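Participant: Structure below; questions to follow.
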Amino acid sequence: MKVVVVGAGYVGLTTGSVLADFGHSVTCVESNQEKLRLLSSGSVPIHEPGLDELVKKNVEEGRLSFSGSLSAALADCDVAMIAVGTPSLPDGSADLSSVWSVVDQIASSATRELLVVMKSTVPVGTTDEVARRLNAAVSQDQGLTGGVATPGMGQGTAPRFHVASCPEFLREGKALIDLVHPDRIVVGCDSNRAAQLLRQLFAPIDAPVLIVDRRSAEMIKYASNAFLATKISFINEVATLCELLGADVHAVAQGMGLDSRIGQKFLQAGVGYGGSCFPKDTRALLHMAKQAGYDFRIVRSTIEVNERLPLRVIEKLEGFLGSLSGRRIALLGLAFKPETDDVREAPAIFVSRHLLERGASVVGYDPVASGTFHAEVPRVEIAANAHQALQDADALVLMTEWDEFRSLDLEEARRLMKTPIIVDGRNLFDPSAARKAGFRYTGFGRGADRDKEGR
């Protein structure tokens with residue numbers, strides 16, 4: 001099949017590359033000229049394990065290409081996937097301006113039967129509105145020209161649109177695995193033809209395909225992300241209580257997770273979630289509920305708990321150091337999670353800003369995200385490696401659980417630092433090993449260790 005993916009960002013580029021690897025002919029359309037220049041020159045502008053090689057392979061084999069012209073790409077395609085950003089507006093709603101711009105271009109450019117697939121995360125009802133707008137454009141064109149809509153494939157005929165919602169469930173750092181081996185494929189559509197085309201598109205994937213209506217497909221995405229975010233906020237509330245009562249959240253989470261009804265995933269206490277999905281999608285769901293006249297209290301609490309967590313880092317540092325003015329604080333890990341250079345709403349951004357407001361100097365290191373982070377918080381000094389970041393630091397704050405930090409030589413770190421303090425925002429280090437190396441250590445929810453320290 002000939003596929004156009006509109007938007008060569010995280011979702012679009014990974015999805016387009018995998019579809020090309022399945023044997024489809026894929027054109028990724030990108031309006032950002034710098035990003036298009038990089039892609040056209042063979043560079044991949046995002047960090048995702050395996051993506052560079054996959055893009056290179058499929059470009060060289062002629063199945064993947066990049067373009068700045070949507071109208072040209074639509075000339076002979078079978079499927080148009082919309083994968084543009086839908087960032088949060090100040091009121092929490094999703095900004096759909098890029099979506100509507102693409103829809104308008106499709107309406108004015110398509111000349112043949114076309115399946116339009118919504119990959120972007122959009123509020124419930126958006127894809128229905130996409131279908132309405134596209135069909136209205138066809139009706140208007142017929143009224144002006146006297147033409148008749150047909151499923152024909154030739155130029156000069158009015159296009160026939162099939163519209164579907166097919167939300168993505170990708171984890172940054174594991175996106176290619178998730179695309180090839182997903183837990184499920186969700187398709188929201190109102191026609192057998194759309195379902196048939198999408199089954200054909202994803203034929204190489206061995207996973208359940210759930211066919212639902214478009215609004216339910218959109219809600220599945222929001223409900224899934226909100227549930228996972230809620231699980232994270234819940235275990236972080238448990239962690240706070242563990243600190244007060246002398247329990248260890250690591251042991252508690254392990255015991256909870258062994259229950260098959262709960263599971264181990266998303267029960268890692270720490271500085272909370274970030275990234276391009278959970279913060280944005282929980283706010284959008286809360287806004288949708290408000291617009292419908294409903295107070296979605298669980299989601300509201302999930303957001304509030306997560307937004308407080310960076311301040312807990314500050315409180316822990318102040319508990320050790322008192323005033324942070326003039327202190328040098330080293331942040332290890334700047335991306336919102338490992339294996340990505342994405343710093344969108346990363347906890348490290350909020351922690352660093354709080355530190356700077358209190359007069360601290362901040363130095364950060366991340367294996368791949370230092371550049372993107374510095375663009376967001378230019379007052380943070382960027383180190384070339386972990387040892388450089390720790391030189392003369394008053395405290396080490398672990399913000400992202402990169403594998404290279406798991407093997408950090410704590411005794412060497414102690415020798416480099418001015419003051420031996422660790423605030424472990426991901427409970428990565430062994431508290432006993434840290435104390436044996438001479439550190440004063442605190443994690444999140446490690447109440448039992450705190451009590452031992454005080455004896």
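Laboratory data are not the source of any read-out in this text; all were calculated from the coordinates shown. Note that the structure is predicted; figures quoted are calculated from it, not measured. For neighbour counting, all protein chains shown are included, and Cβ atoms are generated from backbone atoms with ideal geometry for every residue, glycine included.
Participant: Toward the positive end of the charge dipole of region 2-212, about the Cα centre and with charges on Cβ (Lys, Arg +1; Asp, Glu -1), which of I106, P90, S67 goes farthest?
Facilitator: Result: I106.
Participant: Show me the trypsin sites (Lys or Arg not before Pro) within region 261-313 that DSSP assigns to loop and that have at most 12 other Cβ atoms within 10 Å of their Cβ.
Facilitator: In loop regions of region 261-313 (DSSP not H, G, I, E or B), the sparsely surrounded trypsin sites (Lys or Arg not before Pro) are R261, K265.
Participant: To two decimal places, what compactness ratio does region 358-450 give when its Cα radius of gyration is scaled by 2.2 N^0.38 Å?
Facilitator: 1.07
Participant: If I model a spin label at D392 and K436 as a point 7 Å from the Cα along the Cα→Cβ vector, what separation in nanometres do I get?
Facilitator: Between D392 and K436, the simple spin-label model gives 3.2 nm.
Participant: Taking the Cα centre of the chain as origin and charging only Cβ (+1 Lys, Arg; -1 Asp, Glu), how large is the dipole, in debye to the nearest 20?
Facilitator: That gives the chain a dipole magnitude of about 620 debye.
Participant: Under 15 Å from the 7 Å Cα→Cβ point of A289, by amide nitrogen: which residues of region 65-92?
Facilitator: So the set is 92.
Participant: Under 14 Å from the Cα of K436, which aspartates and glutamates turn up, not counting those fewer than eight places away in the same chain?
Facilitator: D409, E411, E412, D449, E453
Participant: Quick one: Karplus J couplings for region 202-216, per residue in order, coefficients 6.51, -1.76, 1.60, θ = phi - 60°, nearest Hz, x for Gly and Pro?
Facilitator: My calculation for region 202-216 gives 9, 3, x, 8, 9, 7, x, 10, 9, 9, 9, 6, 5, 5, 5 Hz in order.
Participant: For helix 97-109, what angle does its Cα long axis make with the longest principal axis of the chain, in degrees from 0 to 90 and rounded to 10?
Facilitator: So the inclination is approximately 20 degrees.
Participant: Within region 165-206, which residues have the backbone N less than 19 Å from the label spot 7 Å out from S216 along Cα→beta-carbon, could you tell me?
Facilitator: 165-169, 183-199
Participant: Follow-up question, since we're still on this one. Just subtract the alpha-carbon distance of R300 and Q254 from 0.36 nm times their residue separation and send over the number in nm, one decimal.
Facilitator: Extra length available between R300 and Q254 comes to 13.9 nm.
Participant: Classify region 1-75: rounded, prolate or oblate, from the alpha-carbon gyration tensor (a ≥ b ≥ c, eigenvalue square roots; a/c under 1.5 rounded; otherwise prolate if a/b is larger than b/c)?
Facilitator: In terms of gyration-tensor shape, oblate.
Participant: While we're looking at this one, here's another question. Taking Cα atoms, how many degrees apart are the long axis of helix 347-357 and the longest axis of the chain, rounded to 10 and kept between 0 and 90?
Facilitator: Here the helix axis deviates by roughly 50 degrees.
Participant: Over the Cα atoms of region 226-454, each weighted equally, I'd like the Debye log10 I(q)/I(0) at q = 0.10, 0.14 Å⁻¹, rounded to two decimals.
Facilitator: These q points yield log10 I(q)/I(0) values of -0.45, -0.87.
Participant: Could I ask something else about it? Is region 220-263 rounded, prolate or oblate when judged by the Cα gyration tensor, a ≥ b ≥ c being the square roots of its eigenvalues, rounded requiring a/c under 1.5 and prolate requiring a/b larger than b/c?
Facilitator: oblate
Participant: With runs of 4+ DSSP H residues as the only contributors, calculate the mean residue ellipticity of the chain at 222 nm using -39,500 (n - 2.57) per run, divided by the residue total and rounded to the nearest 500.
Facilitator: -14000 deg cm²/dmol
Participant: Another one. Just the Cα atoms of region 2-212: what Rg and Dmax do they give in Å?
Facilitator: Cα only, region 2-212: 16.7, 52 Å (Rg, Dmax).
Participant: Here's another thing I want to ask about it. When 1/r is averaged over all different Cα pairs and the result inverted, which Kirkwood radius in Å belongs to the chain?
Facilitator: By the Kirkwood definition, the hydrodynamic radius is 23.9 Å.
Participant: What are the lysines whose alpha-carbon lies under 18 Å from the alpha-carbon of K35, with same-chain residues fewer than 8 places away excluded?
Facilitator: Qualifying lysines at Cα under 18 Å: K56.
Participant: Alpha carbons only, please: Rg and Dmax for region 180-322, in angstrom.
Facilitator: Just the Cα atoms of region 180-322 yield Rg and Dmax of 19.3, 66 Å.
Participant: Could you list M256, M288, M118, M399 so that the one with the fewest beta carbons within 10 Å of its beta carbon is first and the one with the most is last?
Facilitator: The order, fewest Cβ neighbours first, is M256, M288, M118, M399.
Participant: Of V363, L244, A131, which is farthest along the charge dipole of the chain in the positive direction, counting Lys and Arg as +1 and Asp and Glu as -1 at C-beta?
Facilitator: Farthest towards the positive end: L244.
Participant: Still on this structure, I have one more. In nm, what is the difference between 0.36 nm times the number of residues separating L89 and D104 and their Cα-Cα distance?
Facilitator: Here the answer is 3.3 nm.
Participant: ³J(HN,Hα) across region 42-59 via Karplus (A = 6.51, B = -1.76, C = 1.60, θ = phi - 60°), whole Hz, x for Gly/Pro?
Facilitator: Rounded to whole hertz, the list is x, 9, 9, x, 10, 9, 8, x, x, 6, 3, 5, 5, 4, 4, 4, 7, 5.
Participant: Within a Cβ distance under 12 Å of S40, other residues only, what is the Lys/Arg minus Asp/Glu net charge?
Facilitator: Taking every other residue near S40 into account, the sum is 0.
Participant: Report, to the nearest 10°, how far helix 192-201 tilts away from the longest principal axis of the Cα atoms in the chain, using its own Cα long axis and a range of 0 to 90°.
Facilitator: The angle comes out at about 60 degrees.
Participant: To continue, here is another question. Tell me which lysines have Cα within less than 25 Å of K221's Cα, excluding those fewer than 8 residues away on the same chain?
Facilitator: Within the straight-line limit of under 25 Å, K221 reaches these lysines: K119, K174, K231, K265, K280, K290, K337.
Participant: Going 7 Å from the Cα of D76 in the Cα-to-Cβ direction, what parts of region 12-52 have a backbone nitrogen less than 15 Å from that spot?
Facilitator: Counting only backbone N, you get 25-27.
Participant: Would you mind getting me the FRET efficiency between M1 and A223? Use the beta-carbon distance for r and R0 = 25 Å, nearest 0.05.
Facilitator: Between M1 and A223 the formula returns 0.25.
Participant: How about region 46-121: which GluC sites (Glu not before Pro) there lie in a loop by DSSP and see at most 12 other Cβ atoms within 10 Å?
Facilitator: Listed in order of number, the matching sites are E61.
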